Amino acid sequence: MTDRHPYYEFEKDTYEIDEFDCSSIFLFVGKERALLLDTGCGIGDLKGVIRKITDKPYIVIASHGHMDHIGGAGAFDELYINPADKYFLDVSFEKMLENRRNYADFIREREDKYYPYSTENDMLCWEKKPKLLPLSDGQTFDLGGRILTAYSCPGHTPGEMVFIDSKTRYLFCADACNRNLLLMQSGDHTEGRYVSVEKAAKAMERIVSMKDQYDHVINSHHDYRGFGAPLADYVVDQALECMKKIIDGTAEIREIPDPLQRNVTKTVAVYGDVFITYSKEGVYETR
């Protein structure tokens, strides 16, 4: 299987691994061990890519449960994940493989690029499910000379987590914040699989209040930033302000092409350079 994933050391011992425009995977190398944040869709030999960078032992963490972030987790023995997102793994390996391949094929078509892999040979069905370990708010991972702290930030999914790295002073926000932010509003309130705009705004407000702990923000898809480059500094603030305007009913509403579907448009709220996808029924918490 291919191990030709591009990767870039954008800060010392801090790598962004590009899974062929499907997702970004991050590797943090400490003095004693390393930490892998997300596993992408599961294209090719991710372990082989890691071996090119470090021979240290490493732990594997999922920022959230979407298949473009946990699709490669079947190659590993253990996976830290917020329990609120464990249900994303409650599908058959065969169905997950179908979803992973469909997504990768869509990205290839959308980007119209050559990628050094084939979905048939480089995206395989899981043989086993990793042991799932709980990931909780405030949990720390000491790698030796650097500590990553996880914080709950529900919105994109119920169990979305963000991470602050003490060494680089980066906030790794995964899919919790982006110029194109999709809120999780397709589940039933009673199942714990639904995040209101109110709840997402409260979580984002807490992350904004932590700005004394980080200097830059980087997310897990580089389609709205350069590879190895942070998001624009204002994106987190604009995302929060957009949520507030949705809540108070003053948001600007537009119809735009959906970047994740062919020939489909979607309705979004816009503030500055940020646009947020949500449902009108999902603005407020259940009273």
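None of the figures in this text is laboratory data; all of them are computed from the coordinates on show. Keep in mind that this is a model prediction, so the values were computed, not measured. For neighbour counting, all protein chains shown are included, and Cβ atoms are generated from backbone atoms with ideal geometry for every residue, glycine included.
For Cα pairs less than 8 Å apart in space and 6+ apart in sequence, what is the mean separation divided by the residue count of the chain, i.e. the relative contact order in percent?
15
Would you calculate, for the chain, the mean residue ellipticity at 222 nm contributed by helices, counting each DSSP H stretch of 4 or more residues as -39,500 (n - 2.57) and dividing by all residues, to the nearest 500? Could you put the intermediate results ahead of the total?
Details: 6 runs with 62 residues, N = 287.
-6500 deg cm²/dmol, from helical runs alone.
Of the peptides 45-57, 152-164, how do they stack up when ordered by the mean number of other Cβ atoms within 10 Å, highest first?
152-164, 45-57
Starting from 0.36 nm per residue, how many nanometres of slack lie between residue 127 and residue 90 once their C-alpha separation is accounted for?
11.8 nm
With an 8 Å Cα cut-off and a minimum separation of 6 or more residues, compute the relative contact order for region 182-287 in percent. Could the numbers behind the result be given before it?
Details: 134 pairs, mean separation 33.1, N = 106.
Relative contact order for region 182-287 comes out at 31 percent.
Taking the chain as a Gaussian network, Cα atoms linked when under 10 Å apart, which of 202, 244, 31 shows the biggest mean-square fluctuation?
Top of the fluctuation ranking is 31.
Of the residues 138, 71, 30, which exhibits the maximal mean-square fluctuation in a Gaussian network model of the chain defined by a 10 Å Cα contact cut-off?
The residue that fluctuates most here is 138.
With an 8 Å cut-off on Cα pairs and a minimum separation of 6 or more residues, tell me the relative contact order of region 1-70 in percent.
The value is 29 percent.
Using 1/(1 + (r/R0)^6) with R0 = 41 angstrom and r between the beta carbons of residue 4 and residue 213, what's the FRET efficiency to the nearest 0.05?
0.70
If packing is taken as the average count of other Cβ atoms within 10 Å, what order do 235-242, 9-16, 216-223, 128-135 fall into, highest mean first?
235-242, 216-223, 9-16, 128-135
With a Förster radius of 30 Å, plug the Cβ-Cβ distance of residue 223 and residue 255 into 1/(1 + (r/R0)^6) and report the FRET value to the nearest 0.05.
The formula returns an efficiency of 0.90 here.
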